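Everything on this sheet refers to the single structure shown next.
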Amino acid sequence: MATKKIKLEWDGDELIIRNVEVSHPSKVNANFRTYPNARQKVKTFVKPYNKKVLLWHNEMVDPVGYVENAYYRKQSINDPETDAVVVDIRLVDKNFIEKFLKGVYNTFSIGAVSEKSVCSICGEENCDHIPGQVYDGNLCYRKTYLDKYVELSFVTVPADENAFIPIEEVRNYCLLYTSPSPRDLSTSRMPSSA
C-alpha cells in the first residue's frame, strides 16, 4: 500500500492541510462508539455546504477554517487495521495557524448528528447494557448510524486516538518553508510568527 502523508500548503494568508484522517469509524473509540455507515455519509462534510472547523466543538466562536474535501479510505495510514474518514482542511484564522504550526493543536473530533445508535451486544436502541463493560467476553459499545457530519473540531483529547496530524510532519513543513529564516518576510513563504 502506498502511504499518503499529510500535505500542508501555504496559500497566501491561509493554510491548507490535505489528507487528514479525522475518524476511524469501524474501530471502537474512547466513547465506546463505532460509525458503521460513515462511508455513506462522508460527503456531508462538504454537502450541501463546507462544514466549519472549530475549537472544542464550540459553535459560539468564529470557526478557524472549513472542510474543503472529504472522502473515505478503506485502510488507514495511522492504523492499518481499520478504515478512515479523510478530509482536506483550509485554515483561515491567522492566530490559530500560528498555534497549529507550533504543534499546539494536532488532534481532531467529529461533530455529527446520528440517525440511531444500537447496542453491540443485543442490537437494541434501548437496553440495560453499559458501553465499556464486557458481557460474555464481548465488549459493549454503541453502533452509531450517522445522519450527517455537522462540524470538525480541533481538541486536546480526542475520542479517536488515531485522529491526529503527526507533529513531526508539521515541523518538517515549517523547516522547509521558512528557510532561511521565518522572521525574514522577504524570503519566507510562511507567516513571520511560524
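Quick rundown of the values:
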read-out: Filter result (more than 15 Å from the chain's Cα centre (by Cα) and of a type in the set (Val, Ile, Thr)) within the range 49-81; value: Val61
read-out: Verdict on Thr44 being among the hydroxyl-bearing types (Ser, Thr, Tyr) and either more than 20 Å from Val157 (Cβ to Cβ) or touching a Lys or Arg at 6+ places or on another chain (Cβ under 7 Å) (or both); value: yes
read-out: Test: Pro25 is under 13 Å from Gly111 (Cβ atoms) and open to solvent by less than 50 Å² (accessible area, probe 1.4 Å); value: no
read-out: Answer residue from the range 96-133, given it is touching a His at 6+ places or on another chain (Cβ under 9 Å) and more than 24 Å from Lys41 (Cα to Cα) and is surrounded by the most Cβ atoms within 10 Å (Cβ to Cβ) among those; value: Ile121
read-out: Failed item, numbered, when Trp56 is tested on (1) touching a residue at least 60 places away in the same chain (Cβ under 8 Å); (2) aromatic (Phe, Trp, Tyr); (3) in contact with a helix residue (DSSP H, G or I) (Cβ under 9 Å, 6 or more places away or on another chain); value: (3)
read-out: Candidates Arg18, Arg39, filtered to the one that is open to solvent by 30 Å² or more (accessible area, probe 1.4 Å), in contact with a Phe, Trp or Tyr (Cβ under 8 Å, 6 or more places away or on another chain) and modelled with pLDDT of 90 or more; value: Arg39
read-out: Members of the range 62-86 that are open to solvent by 50 Å² or more (accessible area, probe 1.4 Å) and either out of contact with any strand residue (DSSP E or B) (no Cβ under 7 Å at 6 or more places or on another chain) or among the acidic types (Asp, Glu) (or both); value: Asp62, Glu68, Lys74, Gln75, Pro80, Glu81
read-out: Contacts under 6 angstrom Cβ, first residue in the range 108-133 being closer than 30 Å to Ile167 by Cα, partner polar (S, T, N, Q), 6 or more apart; value: Ser109/Ser153; Ile110/Ser23
read-out: Residue tally, condition in contact (Cβ under 8 Å) with a residue 60 or more places away in the chain and either open to solvent by less than 60 Å² (accessible area, probe 1.4 Å) or not aliphatic (A, V, I, L, M) (or both), over the range 134-145; value: 6
read-out: Yes/no for Lys7 being touching a helix residue (DSSP H, G or I) at 6+ places or on another chain (Cβ under 8 Å), under 26 Å from Asn95 (Cα atoms), touching a residue at least 12 places away in the same chain (Cβ under 8 Å) and charged (D, E, K, R); value: no
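The values are calculated or read from the model by the stated rules, or taken from the named source; none is laboratory data. If you're wondering where the values come from, they're calculated on a predicted model, not measured in any experiment. Methodologically, a virtual Cβ is constructed for each residue, glycine included, from the backbone with ideal geometry; neighbour enumeration extends over all protein chains shown. Just so you know, the surface numbers come from the protein's heavy atoms only, side chains and all, with ligands and any DNA or RNA stripped out. Shrake-Rupley method; radii C 1.70, N 1.55, O 1.52, S 1.80 Å.
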